[in-house]
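Below you'll find the structure, written out as structure tokens, and then a few comments.
The values are calculated or read from the model by the stated rules, or taken from the named source; none is laboratory data. These numbers come from a predicted model, not from an experiment. Reconstructed Cβ throughout: ideal geometry from the backbone, glycine too, with neighbour counts over all protein chains shown. Note: accessible area is taken over every heavy atom of the protein model, side chains too, but ligands, DNA and RNA are not part of it. Shrake-Rupley method; radii C 1.70, N 1.55, O 1.52, S 1.80 Å.
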Amino acid sequence: MTTPHALPMLHDSWYAVAWSHEIKRAPLARTILGRELLFRRSPTGQLHVTTNVCPHRQARLSAGKQLADGRIQCPYHAWEFDLDGRCVNVPTLPEDARVPPQACLTSYPAVEEQSLVWVWMGRPGGESTHPVPGFDYDSLGAQVRHQRLPSTRWQANYIDLIENALDPSHIQTVHPNTLGPNWAATVGNVSIEAFENGRGFTAVSGEPLRAVADRNLVDFRKLLRLPVVKTAHYRFDFGGVTQVRYEYADGCSDMAYAAITPSDEQHTWVFFGILRSHMRNFIGDALQQTAMFFLQREDLAAIANLSQERPADLRRRVSVGSDRMGNLYLKQLIRLLEAEGRGPDAAGRRPSLPVLDEDAAQ
């Protein structure tokens, strides 16, 4: 038996790695796609991303001393590296000796857009042919309250988190006390339009979503004056960018978005934000923050309960119409992994693609 967890991580993508405000003059270290990365800024604020591991004896540079003009000193043998990753000083070398050319850190292309830092993790040169995924803030107009939650490293596989974000039908059972027991009760018909490049899709719930909440956390929905949901519009882009816009019966709209980035096989970075058209004040912010704390705890509990004994042949997964987004995501992921040359399984096995059954909801 093997599981979707056996799928390797897709590298040829831009990934969100931090909110821009998290990276200051002091170095920041994070593991992204199994690689230990170091984030630094120059005295003028320019962003630089390199590996965090000294090529000499593999000490973590983030534990070293920050020197002038952005250089960092290895805490083990005091080798010094500039912002571009070049080793500029080896104290034990004679003055006339040349620093070994291999004594350098790998650098990664990085950009800052929409308050996030994005890093290209794939093959050199590929970043120019792939746009940085982003969020459609403008779709809601100007009268919204924008709230970003702190970056969080979840103890969960990235595939499970993305499937969770693309699964409207779990809300009524996993979140009955926060969003209401009948939220998203009729999402069987989900219409999907895949992107021509095979790197994502848009989707719309095919039936009105009922939003009846009579047992909610601290009367959350009443306090926020949240109207009845009419339609949900989803969008997914590799790597790991999900967003959903809810349209309400009174004409208002809200949007929740997340950048979901693999840290390693069992941990995932999540960067979450909400654009809210109702209760646009600090009270709404506090209620939203509290609600998101409980919502995330509920999702993590559900994901932690997933068995690892899942079929190697993904066609054996029992699916219905409301699962079509998750199925299409896996299908596209496997095809992209194959195109990248990594293969869908670290052990060399090639699981079959999931079947998108148009009649699954019947």
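Quick notes on this one:
- Subset of the stretch 125-141 [part of a helix (DSSP H, G or I) and within 18 Å of Gly251 (Cα to Cα)]: Tyr137, Asp138, Ser139, Leu140
- Filtered residues of the stretch 318-355 (kept if modelled with pLDDT under 75 and surrounded by fewer than 16 Cβ atoms within 10 Å (Cβ to Cβ)): Gly343, Ala346, Ala347, Gly348, Arg349, Arg350, Ser352, Val355
- Looking across the stretch 45-72, the residues that are over 15 Å from Ala103 (Cβ atoms) and part of a strand (DSSP E or B) come down to Leu47, His48, Val49, Arg60, Lys65, Gln66.
- Subset of the stretch 149-181 that is at pLDDT below 85, open to solvent by less than 60 Å² (accessible area, probe 1.4 Å) and in a loop (DSSP other than H, G, I, E, B) - its residue that is nearest to Ala286 (Cα to Cα): Thr178
- Residue under evaluation Glu95, criteria (1) within 30 Å of Ser307 (Cα to Cα); (2) over 18 Å from the mean Cα position of the chain (by Cα), criterion not met: (1)
- When residues of the stretch 270-299 are limited to those that are open to solvent by 30 Å² or more (accessible area, probe 1.4 Å) and either part of a strand (DSSP E or B) or acidic (Asp, Glu) (or both), the one modelled with the highest pLDDT: Phe272
- Every condition in (1) in contact with a helix residue (DSSP H, G or I) (Cβ under 8 Å, 6 or more places away or on another chain); (2) of a type outside the set (A, V, I, L, M, F, W, C); (3) surrounded by fewer than 20 Cβ atoms within 10 Å (Cβ to Cβ); (4) at pLDDT 90 or above is met by Gln308 except one, and the failing one is (4).
- Among the numbered conditions (1) modelled with pLDDT under 85; (2) of a type outside the set (Gly, Ala, Ser); (3) surrounded by fewer than 20 Cβ atoms within 10 Å (Cβ to Cβ), the only one that Glu193 does not meet is (1).
- For the stretch 247-268, the set of residues classified as open to solvent by 30 Å² or more (accessible area, probe 1.4 Å) and under 27 Å from Asn157 (Cβ atoms) consists of Asp264, Glu265, Gln266, His267, listed by residue number.
- Residue in the stretch 92-99 that is open to solvent by less than 70 Å² (accessible area, probe 1.4 Å) and closer than 19 Å to Phe271 by Cβ present: no
- The stretch 105-128: number of residues that are under 27 Å from Cys74 (Cα atoms), surrounded by 18 or more Cβ atoms within 10 Å (Cβ to Cβ) and touching a strand residue (DSSP E or B) at 6+ places or on another chain (Cβ under 8 Å): 8
- Selection within the stretch 59-83 - charged (D, E, K, R) and crowded, with 20+ Cβ neighbours inside 10 Å: Asp82
- Scan the stretch 129-148 for residues that are open to solvent by 80 Å² or more (accessible area, probe 1.4 Å), within 21 Å of Asp285 (Cβ to Cβ) and of a type in the set (Ser, Thr, Tyr) and the total you get is 0.
- Residue match in the stretch 4-16 (condition: modelled with pLDDT of 95 or more, open to solvent by 10 Å² or more (accessible area, probe 1.4 Å), within 16 Å of Cys104 (Cα to Cα) and outside any helix (DSSP H, G or I)): no
- Failed criterion for Gly34 (all others in (1) closer than 30 Å to Pro8 by Cβ; (2) of a type in the set (Gly, Ala, Ser); (3) surrounded by 15 or more Cβ atoms within 10 Å (Cβ to Cβ) hold): (3)
- Only one of the numbered conditions (1) touching a Leu at 6+ places or on another chain (Cβ under 9 Å); (2) at pLDDT 90 or above; (3) not in a loop (DSSP other than H, G, I, E, B) is not met by His21, and that is (1).
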